């Protein structure tokens, strides 16, 4: 294919890039993330601390897919979500089950009572350690798996050289210090990097448009020369690679 044909294909991927919940099925088989090979399993850790009577909060629940896998009593469950399409989705699906759904983006000032929750869970969502401490019951547990500041960094810098990090300071050492200063006791923690690779440039374009907060100001027009270089690399090596950055914190009040 010539450059103009490639550009049309990539612009099509750019234009259709949207998701409900956290559904990456559009690029299934066209990329691979090794995140499932982390040394910890978030769901297993949550199940260990989750009791039948626990009043729980799931922060930035997405579409609620992970939350529902725990089969926790709906009347004891609250979720927050900040992405408007997902808020609507949660209201229609989780809300219909009796789960309390709250649209929220400011986690430094949440609409919850002091000492309200036994367990707060958070997979890849926002948080404020001081506010978490306030709304947890004494002895309550906070569990989070987080996307670190260096997530997809090689790919971001490949497409957008000199692009600044979106969330500097989101690393285990820095966050452990913040939690301890807020009064938490650290029960468990970890930090790992795992590969992610793309087998065609269209999948990378779709991904970059979805993850706009990492690939700031990305567009096919702006990054066309870099995308052509990615195409050459994939033709020669079979894929273009980066790394996902994850860290885990389990803390008690």
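The values are calculated or read from the model by the stated rules, or taken from the named source; none is laboratory data. Everything numeric in this text was worked out from a predicted model, so none of it was measured. Reconstructed Cβ throughout: ideal geometry from the backbone, glycine too, with neighbour counts over all protein chains shown.
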In the stretch 38-63, how many residues are on the phi > 0 side of the Ramachandran plot and modelled with pLDDT of 95 or more?
-> 1
Test residue 162 against the stated conditions and say whether it is in a strand (DSSP E or B), within 30 Å of residue 207 (Cα to Cα) and either in contact with a helix residue (DSSP H, G or I) (Cβ under 7 Å, 6 or more places away or on another chain) or at pLDDT below 95 (or both).
-> no
Could you tell me whether the stretch 149-157 includes any residue that is more than 30 Å from residue 221 (Cβ to Cβ) and over 16 Å from the mean Cα position of the chain (by Cα)?
-> no
So residue 143 clears everything in (1) assigned to a strand (DSSP E or B); (2) over 16 Å from the mean Cα position of the chain (by Cα); (3) surrounded by 18 or more Cβ atoms within 10 Å (Cβ to Cβ) except one condition, right? Which one?
-> (2)
